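Structure, as structure tokens:
The values are calculated or read from the model by the stated rules, or taken from the named source; none is laboratory data. Note that the structure is a prediction, hence the values are computed from the model and not measured. Every residue, glycine among them, receives a Cβ derived from its backbone with ideal geometry; neighbour counts consider all protein chains shown. What goes into the accessible areas is simple: the full protein's heavy atoms, side chains included, and nothing from ligands, DNA or RNA. Shrake-Rupley method; radii C 1.70, N 1.55, O 1.52, S 1.80 Å.
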Amino acid sequence: MLTDFEKERYGWQMDVPGVGEAGQEKLKHARVLISRAGGVGGLVAFQLAAAGVGTLRIAHAGNLKPSDLNRQLLMTHGHLGRPRAECIKQTLSDLNPLIEIDVIAENMSAENAPRLVGDVDVVIDCAPLFPERFAMNDEAMRQGKPLIECPMYDSDAYLTFFQPGRTGCLRCLHPETPPEWKRRFPVFGAVSGTVACMAAYEAIKYITGIGTNLRNTLLHGDLATMRFRRLPIERRADCPYCPPVNERRSNA
Amino acid sequence: MPKIILPAALRGRMNNPQDEVEVAGATVGDTLRALTNDHPELNDILFTNDQLHPSLRVFVDDQSPLPDQCLATAVKEGSEIVLLPPIAGG
């Protein structure tokens, strides 16, 4: 049941056709995992907290550095040198104290992925390193959890919605780690925030049942040229990480 | 001539960055070889051991050729070839 305050707080989004009280209840009971709350993940978390997703689990290690602040909008100048996890928790709690915010001061790895993915409904991948992305992908596929993939670089933004049994996975899209990938990448917060907001809406659509998710489709946006394309992507027949196409999994 | 669309992730590696280039060729392989002849700095991103890098995604006229047939895929006047390398900025 939504409280009277919740009905007022979320009233404008409950007016979106197909949402209503039932859709808001779904958001209230949803659990979402976000890998890192940087330039992309921070804005994903901000939007989902504002929308009233009941439980946000966020994995992000380390202490806040000055170079984070051009894009990591959950972070504040006053937290420099302190754990990012503290700042993430405080900012999101200030925005919406009605939701559970479970911030874990760890980055995603093959070791912790089973625990972190275990009880969530949707996983959103916002890590800046391929080993973290692959660890999250592999566990999401193993547990049958939808995975929203939303990387960016400079003015490029990619977005797709992987759903075990219905689509391929990150390993189908990019089987190998590119050796030239560097931890530091060119980024304005306006670009990382753009793909983040679209990724957050993919999660909202999935949870509430409105709209259509980007299954088997890669959206590429180049914000320098403002050219956007929807491109077909597919499951690789020999992918060892994807469950069989017709196998029914939880949330499938 | 076919046109190759270059995303920011590739433009950033070019000595003379361009959003798109027109190149001669009857197949994807022809056009990518023409591209790397003009821009050899892209060769290591696009190819490994003379084969397409397995994580590079190539789309021709908004369709996705099978990886093992990609280089032989025919292109025509006005075809648009989109190259998307893996990125992980988050």
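Couple of notes before you dig in:
- Residue match in region A:80-94 (condition: under 15 Å from the mean Cα position of the chain (by Cα), closer than 28 Å to residue A:24 by Cα and open to solvent by 10 Å² or more (accessible area, probe 1.4 Å)): no
- A residue that is open to solvent by less than 10 Å² (accessible area, probe 1.4 Å) and facing another protein chain (nearest Cβ under 8 Å) occurs nowhere in region A:205-213.
- Residue list for region A:1-28, filter: aromatic (Phe, Trp, Tyr) and in contact with a Gly (Cβ under 9 Å, 6 or more places away or on another chain): A:10
- Taken as a whole, region A:215-225 holds at least one residue that is in contact (Cβ under 8 Å) with a residue 24 or more places away in the chain and more than 12 Å from chain B (Cβ to nearest Cβ).
- Residues of region B:52-70 that turn out to be on the phi < 0 side of the Ramachandran plot and open to solvent by 50 Å² or more (accessible area, probe 1.4 Å), as a count: 5
- Criterion (within 12 Å of chain B (Cβ to nearest Cβ), of a type in the set (D, E, K, R) and touching a Leu at 6+ places or on another chain (Cβ under 8 Å)) met by exactly one of A:176, A:149, A:202: A:149
- Residue B:49 meets the conditions (1) within 14 Å of another protein chain (Cβ to nearest Cβ); (2) open to solvent by less than 50 Å² (accessible area, probe 1.4 Å); (3) of a type outside the set (Gly, Ala, Ser) in every case but one. The failed one is (2).
- Restricting region A:115-129 to residues that are of a type outside the set (Gly, Ala, Ser) and surrounded by fewer than 17 Cβ atoms within 10 Å (Cβ to Cβ), the residue that is farthest from the other protein chains (Cβ to nearest Cβ): A:119
- Top-ranked residue of region A:27-86 - restricted to ones that are hydrophobic (A, V, I, L, M, F, W, C) and touching a Pro at 6+ places or on another chain (Cβ under 9 Å), ranked as nearest to the other protein chains (Cβ to nearest Cβ): A:40
- Residue count for region B:65-88 under the criterion of being outside any loop (DSSP other than H, G, I, E, B) and either away from chain A (no Cβ under 11 Å) or not aliphatic (A, V, I, L, M) (or both): the result is 6.
- Single residue of region A:230-239 satisfying the filter (in a strand (DSSP E or B) and surrounded by fewer than 17 Cβ atoms within 10 Å (Cβ to Cβ)) that is nearest to the other protein chains (Cβ to nearest Cβ): A:232
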